[in-house]
Amino acid sequence: MRILVTGGAGFIGSHTLLQVLAQGHEVAVYDNFGNSSRESLRRVREIAGREVLLKEADLLDKAALDEVFEAFQPEAVIHFAGLKAVGESAEIPLAYYSNNVVGTLNLLNVMQERGVRRLVFSSSATVYASDNGLPLVESMRRGATNPYGRTKQQIEEILEDLGASDSSWRIAILRYFNPVGAHESGLIGEDPAGTPNNLLPFVAQVAVGQRPRVRVFGNDYDTVDGTGVRDYIHVVDLAAGHVSALQYLNEHAGVHTWNLGTGRGTSVLEVIDTFARVSGRTIPFEIGARRLGDVATSLADPSKARDDLGWRATRSFEEMCADHWRWQESNPRGYAPEN
Ligand code: NAD
Ligand code: UD1
């Protein structure tokens, strides 16, 4: 198939490209490099030994989107492109609604006009309401609590309306839990701009000596050791979920939603401890206040993806840390040219 990958230069996109290329598909990336670099695509080409076409443009530029559909004639789209920082989304909500919701509407309109009806969409566990029981099941109530999460929730609703209006659409909504790790080559990985918001990249930067210590956001939660528990998933397992979803869409029309997680929880202190052991580095930390908007525990029930897609995450938390560390140690400044 010819597959257009929006946001393909980013963290999850670059890892998914490798697996899509390995399946023999033709790939074109659509990215504005707002949160990524050309270097990730160069390395994807190097690892895969395959060409990846690139259109450098913004989702808000509908004419540019239309041009790529005209030139590349995609049969399916994997849609990663979006802004993703929760804190920033509360500061500049309009940028988030424009980029994520309007950007997706532009994409869907061009797909509709061009007769392309196959889409895999990056959603997030953040769409679940915080008063659901655990583990989280796809049928549970949505109730995002920040602008970023609401963009994902609104896009899910748009996709469901679209599928209900026209049964020829084939749409996979993938709700990612906490993607971490990196490709085993150590050549591609997560390269956050500025101070990382997420725990694993922060811990990795402390391990490599770029930051003095980790601040643990609260140790008075009702969890195993009082610190927040999350369902971390290796980005390579997550990427494989996209290939499985695409295969499913070959045989099934309609709109389908799956959790992509492991079903296993790891606390902040367990993250620090495992990362220190795997990297052989000391990771100083201090206990701080809770972060606004955090929940005690987030955990997937991954059984629907297993039953429908035959997909399951296979990599352990140690492997996530080891692969993250290999990437961090060999690229202390990420994709920056002065590496
Ligand atoms: P990322 O920032 O590394 O990748 C997103 C890519 O999209 C970047 O290359 C960026 O330049 C591009 N992009 C953003 N807005 C664009 C626009 N308007 N036009 C063109 N390109 C644009 O993020 P990621 O971690 O790879 O996440 C990919 C997707 O998965 C996002 O939609 C994100 O919300 C979602 N998601 C991520 C996580 C996570 O923890 N990483 C969790 C749940 C969901
Ligand atoms: C964050 C986002 C969520 C998004 C998810 C995956 C918030 C409020 N939520 O969630 O919307 O879907 O990332 O990208 O930002 N922690 C520390 N110290 C740190 C950083 C984090 O103790 O410096 C703790 C957090 O309190 C949490 C755990 O580590 O308990 C994981 O945090 P993080 O990596 O930010 O992920 P989420 O909180 O799941």
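What follows draws every value from the coordinates through simple rules; no lab data is involved. What you see is a predicted model, and the numbers here were worked out from it, not measured in a lab. Counting neighbours? That spans all protein chains shown, and the Cβs are built from the backbone with ideal geometry, glycine included.
Structure summary
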| item | result |
| --- | --- |
| Residue (of 320, 302, 155) at the positive-pole extreme of the chain, dipole from beta-carbon charges | 320 |
| Cα-based convex hull, segment 201-339, per residue volume (Å³, whole number) | 142 |
| Placed amide H near residue 257: partners under 5 Å, 5+ positions off or other chain | 173 |
| J(HN,Hα) series, segment 171-179, from Karplus relation 6.51 cos²θ - 1.76 cosθ + 1.60, nearest Hz, glycine and proline x | 10, 10, 9, 10, 9, 6, 8, 10, x |
| Table column - 3J(HN,Hα) (Hz), segment 317-331, Karplus curve with 6.51, -1.76, 1.60, x for Gly and Pro | 5, 4, 5, 4, 5, 4, 6, 4, 5, 4, 4, 5, 5, 8, 9 |
| Mean shadow area of segment 102-203 over all directions, Cα convex hull, nm² | 9.1 |
| Per-q log10 I(q)/I(0), the chain, q = 0.08, 0.11, 0.14, 0.16 Å⁻¹ (Debye; single scatterer per alpha-carbon; no solvent) | -0.35, -0.69, -1.16, -1.55 |
| Distance in nm between pseudo-label sites at residue 90 and residue 167 (7 Å out along the Cβ direction from Cα) | 4.5 |
| Cross-link reach list, lysines versus residue 55, counting only Cα pairs under 27 Å and skipping chain neighbours closer than eight places | 84, 152 |
| Helix 268-279 axis, angle to the chain major axis (alpha carbon atoms, nearest 10°) | 90 |
| Calculated SAXS-style log₁₀ I(q)/I(0) at q = 0.12, 0.16, 0.19, 0.22 Å⁻¹ - segment 257-336, Debye, Cα scatterers | -0.52, -0.85, -1.03, -1.11 |
| Calculated FRET value between residue 225 and residue 42, using beta carbons and R₀ = 41 Å, to 0.05 | 0.45 |
| Spread of Cα-to-Cα distances over 10 Å intervals beginning at zero, given as percent, for segment 77-156 | 18, 44, 30, 7, 0 |
| Pairwise label distance in nanometres, residue 102 with residue 130, each label 7 Å out on the Cα-Cβ vector | 3.0 |
| Backbone HN-Hα couplings from phi across segment 153-170 [Karplus 6.51/-1.76/1.60, Hz, Gly and Pro as x] | 5, 5, 5, 4, 5, 4, 5, 5, 4, 5, x, 6, 7, 7, 6, 7, 6, 10 |
| Under-5 Å amide H pairs with residue 128, H placed in peptide plane, nonlocal only | 143 |
